[in-house]
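In what follows, a single structure is set out as structure tokens and then discussed.
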Amino acid sequence: MKNGTLIAIRSFIVSAGATAASSFIGVFGVFIGATAVEMGWLQSTANAISNGGQILWGRLSDRFGRRKPFLISGSVVLAVLWYMLSYIRTPLGLIMVYAAISLFGSLITVNWFSLIADQINSTVRGRFLSIVNVLSSIGTIASLIAMVFLFRGSVTRDIFIPFSAAAGSYIISAVLMAFLNESSAARKFSGNLMITLKNLRRENRLFYRYFMAMNVQGLFWSMAWPMFPMTIVLVMKFDLSQVALLTIASLFTSVVVQYLLGRITDRVSRPPLIFGNRVMLSAIPLFYAFFSNFREFVAMEIYSGILGSIQNVVMNSYLLDIVPDGHRAEYISIMNGFNGLVYLIGALSGGYILAFMEALFPIRTALIYSYMIVFAGRFISAFLFIGLREPDQKGRAPLGLYSFLLRSKQPGSPSGGTMRAR
């Protein structure tokens with residue numbers, strides 16, 4: 001079987017298993033009794049380890065010179081961890097096991113991205129990756145639809161379905177990767193992160209402005225992550241089937257709009273779109289604060305899916321254009337590394353803010369006040385994006401390869417789980 005076929009099949013299977021399962025992590029934490037502070041630790045450690053781990057594993061993989069052993073061993077470890085997660089019944093256990101999943105998930109992410117760079121010819125890579133992205137989305141949506149019909153209402157029993165599916169998907173991934181023909185040595189990225197960081201503001205003002213705006217708003221962005229699952233479970237009383245339907249609504253909308261946006265992105269000025277996107281996304285915490293029924297939440301997820309597609313297409317396209325050729329992996333490592341640190345601080349802060357509010361008010365009121373703080377921070381920091389400018393160049397970098405590493409959390413994700421291809 002050709003390498004390209006193996007990669008495509010593997011993407012579909014892991015998306016149907018692990019990516020779908022990740023959408024239940026946050027709500028499962030609340031169902032088993034996690035407090036606001038514990039939810040903050042769950043979200044912060046997972047995101048920080050996932051982002052920071054990419055730098056660690058990327059450098060180790062480059063030194064070793066091959067991707068296949070990392071993908072096989074990482075898949076086996078993740079299969080065991082996801083299966084273990086099915087039997088976790090304490091918040092501390094969930095935090096620890098999901099942190100380990102995030103660490104080894106980052107191993108898969110960076111080596112998966114590098115494998116595609118190594119094995120797929122650059123002349124067909126963009127088309128190939130568009131196919132892989134579509135297959136991945138279909139896999140996740142189809143899996144979530146199936147789970148809606150398989151869930152029976154008992155969380156501790158039902159959660160075994162997505163988590164065991166994630167474990168099974170990684171077993172299949174390891175088998176598929178064993179048949180991979182890794183015929184050439186892995187490519188090594190050049191660059192010195194410390195030198196680049198030192199000269200960042202002086203040598204690349206466009207990237208520096210974008211980098212600062214993303215990290216400042218990222219602080220308030222991540223503050224809401226521990227709060228979303230608390231609202232879904234404690235206030236709205238949604239079950240796992242409803243969580244799956246909300247995720248489907250957001251993801252399906254995002255896929256459709258991304259397809260349409262891909263046709264017009266190269267013909268519009270992106271900074272105004274980015275600014276408008278960040279302002280409109282600021283409203284999502286308000287929706288969580290004041291919406292009161294399932295239909296309103298479905299509408300919010302559709303809204304989230306539309307804006308999330310702009311985030312994934314327009315913002316990634318812009319970022320790839322403002323980093324220098326030959327240094328994209330290096331700059332993306334910087335972006336991911338700092339994002340992980342900011343998300344760590346933000347998610348922890350969000351958990352402690354909600355805990356403080358809970359000590360003063362009932363849970364619904366505490367969430368409303370907490371969401372108002374998040375909204376204010378997101379809205380004010382969105383104006384940092386006004387300073388963005390289009391780079392002076394004739395063409396625009398095609399999306400695809402680097403968008404695997406840049407894929408962001410869906411803005412209104414009901415679980416707060418990281419929907420990232422692994």
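Of the helices (runs of 4 or more DSSP H) that lie entirely inside region 90-174, those containing 3 or more residues that are at pLDDT 95 or above span 91-119, 122-150. Is it the case, given these coordinates, that MET315 is open to solvent by less than 60 Å² (accessible area, probe 1.4 Å) and out of contact with any Phe, Trp or Tyr (no Cβ under 7 Å at 6 or more places or on another chain)? The answer is yes for MET315. Just one of the numbered conditions (1) at pLDDT below 90; (2) surrounded by fewer than 16 Cβ atoms within 10 Å (Cβ to Cβ) is not true of PHE361: (1).
Kindly check whether there is at least one residue in region 18-27 that is surrounded by fewer than 21 Cβ atoms within 10 Å (Cβ to Cβ) and assigned to a helix (DSSP H, G or I). There is no residue in region 18-27 that is surrounded by fewer than 21 Cβ atoms within 10 Å (Cβ to Cβ) and assigned to a helix (DSSP H, G or I).
Pairs meeting the criteria (first residue in region 308-330 and among the hydroxyl-bearing types (Ser, Thr, Tyr), second residue at pLDDT 75 or above and open to solvent by less than 10 Å² (accessible area, probe 1.4 Å), beta carbons under 7 Å, at least 6 apart or on different chains) are SER309/SER254; SER317/ARG270; TYR318/ARG270; TYR318/ILE274. Filtering region 201-248 to residues that are among the acidic types (Asp, Glu) and either touching a Gly at 6+ places or on another chain (Cβ under 9 Å) or buried (at least 19 other Cβ atoms within 10 Å of the Cβ) (or both) leaves only ASP239. Among the residues here, GLY33 does not qualify as in a helix (DSSP H, G or I) and within 30 Å of LEU234 (Cα to Cα). The residue that is farthest from the chain's Cα centre (by Cα), among those in region 258-316 that are closer than 27 Å to GLN242 by Cβ and among the acidic types (Asp, Glu), is GLU296.
For the criterion of being over 25 Å from GLU182 (Cα atoms) and surrounded by 20 or more Cβ atoms within 10 Å (Cβ to Cβ), VAL14 fails.
Sort out which residues of region 211-231 are among the aliphatic types (A, V, I, L, M) and either free of Cβ contacts under 8 Å to residues at least 24 places away in the same chain or over 17 Å from PHE379 (Cα atoms) (or both), and write them in order of number. Even if it seems obvious, please write down each step before you answer.
Narrowing region 211-231 to residues among the aliphatic types (A, V, I, L, M): 212-214, 216, 219, 223-224, 227, 230.
Listed by number, the residues that qualify are MET227, MET230.
The values are calculated or read from the model by the stated rules, or taken from the named source; none is laboratory data. This is a predicted model, so every value here is computed, not measured. Every residue, glycine among them, receives a Cβ derived from its backbone with ideal geometry; neighbour counts consider all protein chains shown. In case anyone asks, the SASA skips ligands and DNA or RNA and just uses the protein heavy atoms, side chains included. Shrake-Rupley method; radii C 1.70, N 1.55, O 1.52, S 1.80 Å.
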